[in-house]
Amino acid sequence: MTSKTAAIRYARALFDVALNEKADLEQIERWLADFNLLFEQHHALKKVLLNPAVPVPRKRAAMVELTTRAKAPSIVAKLLALLAERDRLILLPDVLASYRERLMVHRNVVRAEVTTAAPLTDARTRAIADRLAQVTGRQVVLEARVDSEIIGGLVAKVGSVVYDASLTRQLQKMRERLGAQF
């Protein structure tokens with residue numbers, strides 16, 4: 001099993017338990033993010049907890065102590081202790097990312113990335129987000145990027161679906177149609 005697959009499974013289990021216990025799903029996300037940030041900002045802590053030479057019982061005891069002092073919700077504390085016990089704390093960033101994705105699906109939210117040749121105004125960004133929300137039937141969190149190579153129009157990526165209405169793509173289609181005629 002790959003690390004990504006394992007992280008997805010841990011995130012799914014955490015989310016399902018939190019949902020069954022009617023826990024605050026966003027609070028759990030914040031706690032996971034806080035612990036992830038703690039590891040990233042404190043390199044010595046991260047180095048010790050991810051070091052294979054450090055005995056697993058010590059890692060677990062350290063996580064129990066950290067979560068107890070931080071007064072983390074029991075769901076988060078149990079997950080972190082389990083990850084330490086199985087020497088899988090390296091998965092925390094991926095568990096966090098997977099948990100966030102599950103939370104977005106649960107909240108009926110989808111991420112979309114829109115690329116345009118020039119920066120969008122706030123009004124235009126909202127209009128595109130509204131239109132994508134109509135198409136997907138979900139609330140859209142839009143990330144706008146600029147890429148002058150598309151010349152004009154836009155490319156919208158919603159999940160794995162790409163809507164390419166760029167001028168570059170339209171010119172390419174015309175070139176293909178004209179090439180077929182000659």
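The values are calculated or read from the model by the stated rules, or taken from the named source; none is laboratory data. In this text, all values refer to a predicted model and were calculated from it rather than measured experimentally. Quick reminder, even Gly has a Cβ in these numbers, built from the backbone with ideal geometry, and neighbours come from all protein chains shown.
Worth a mention:
- Among the helices (runs of 4 or more DSSP H) confined to the stretch 1-114, the ones with at least 1 residues that are modelled with pLDDT of 95 or more and under 30 Å from residue 126 (Cα atoms) are located at 25-41, 92-106.
- Breaking point among (1) more than 14 Å from the chain's Cα centre (by Cα); (2) assigned by TED's automatic domain parsing to the domain that holds residue 160; (3) surrounded by 13 or more Cβ atoms within 10 Å (Cβ to Cβ), for residue 119: (3)
- Within the stretch 136-157, considering residues that are of a type outside the set (A, V, I, L, M, F, W, C) and touching a strand residue (DSSP E or B) at 6+ places or on another chain (Cβ under 6 Å), the one nearest to residue 170 (Cα to Cα): 153
- Which listed residue is on the phi < 0 side of the Ramachandran plot and not acidic (Asp, Glu), from 151, 90: 90
- Selection status of residue 93, surrounded by 13 or more Cβ atoms within 10 Å (Cβ to Cβ) and not small (Gly, Ala, Ser): yes
- Considering the stretch 48-70, the residues that are surrounded by fewer than 18 Cβ atoms within 10 Å (Cβ to Cβ) and among the β-branched types (Val, Ile, Thr) include one that is farthest from residue 87 (Cα to Cα), namely 68.
- When the test is whether a residue is in contact with a helix residue (DSSP H, G or I) (Cβ under 7 Å, 6 or more places away or on another chain), over 30 Å from residue 52 (Cα atoms) and surrounded by fewer than 15 Cβ atoms within 10 Å (Cβ to Cβ), residue 152 passes it.
- Taking every residue in the stretch 44-57 that is in contact (Cβ under 8 Å) with a residue 12 or more places away in the chain and assigned by TED's automatic domain parsing to the domain that holds residue 93 and pairing it with any residue that is in a loop (DSSP other than H, G, I, E, B) and among the acidic types (Asp, Glu), at least 6 positions away or on another chain, the pairs with Cβ-Cβ distances below 9 Å are 50/87; 52/87; 56/87.
- Pick from the stretch 77-119, criterion in contact (Cβ under 8 Å) with a residue 60 or more places away in the chain and of a type in the set (Val, Ile, Thr), ranking: nearest to residue 12 (Cα to Cα): 95
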